[in-house]
Amino acid sequence: MELKLKNRRIMGGGGPGEEEDKWPPWLKPLLKTSFFVQCKHHADSHKSECNMYCLDCMNGALCSLCLSYHRDHHAIQIRRSSYHDVIRVSEIQKVLDITGVQTYIINSARVVFLNERPQPRPGKGVTNTCEVCERSLLDSFRFCSLGCKINGTSKDWTTKKKKKQRGIASASDSEESYTSTSEKSNTMRSFTPSTPPPISYRSAKRRKGIPHRAPFGSLILEF
């Protein structure tokens, strides 16, 4: 069985076309597949670990013994790095446009990750992150994995991103407006004379003074 023409052509370049035709039909099933599990058909074999995938059949992970039933098909090998699935660039770039996805060198081979690997928080001094999961990236890349590229270039994600950017811009404008108004208010206050304390019209109690006697009242007349 020959690989279908639709599968053969390199897709995902972001060109015109409907959303469902943007990616090859095997890509999303590939990203949802669990690899490195024991093969149900060859459980007794020491080569029963499932790390292969057939792009024609799209029927789940395969072990090396299963490949005998897919001789004329296009099968790719999945590898693992730090408990995450990766695929060699030399294999995937033949059937998929991986522009914008960061590549890594692992065991002397250049690979890309299949799915996102979120970070709790970007490291200090990071200037570029994945547009979807915010993992730290080199400046020349937009996504950390194939899965993030699918999500980040979808119409729904683009719409959400624009709304988020508008919300941030609106919040920034509101904050600047509030700051400007607050500064003007403070300036007006600084030029306004302070209000004098209220005057009390209540008559104060006079302190009782020393009584004075009439003049000459203390003179002694002598004859």
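The values are calculated or read from the model by the stated rules, or taken from the named source; none is laboratory data. Not measured: the values here are computed from a predicted model. Heads up, the Cβs are rebuilt from the backbone with ideal geometry, glycines too, and the neighbour counts pull from every protein chain shown.
Can you go through Ser145, Ser108, Ser90 and tell me which one is over 16 Å from the mean Cα position of the chain (by Cα), among the hydroxyl-bearing types (Ser, Thr, Tyr) and modelled with pLDDT of 95 or more?
The conditions single out Ser90.
Every residue, every condition in (1) at negative phi; (2) out of contact with any strand residue (DSSP E or B) (no Cβ under 7 Å at 6 or more places or on another chain); (3) surrounded by fewer than 16 Cβ atoms within 10 Å (Cβ to Cβ); (4) free of Cβ contacts under 8 Å to residues at least 24 places away in the same chain, yes or no:
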position: Cys50; (1), (2), (3), (4): yes, no, no, yes
position: Cys54; (1), (2), (3), (4): yes, no, no, yes
position: Arg71; (1), (2), (3), (4): yes, yes, yes, yes
position: Ile76; (1), (2), (3), (4): yes, no, no, no
position: Val86; (1), (2), (3), (4): yes, no, no, no
position: Val89; (1), (2), (3), (4): yes, no, no, yes
position: Val95; (1), (2), (3), (4): yes, yes, no, no
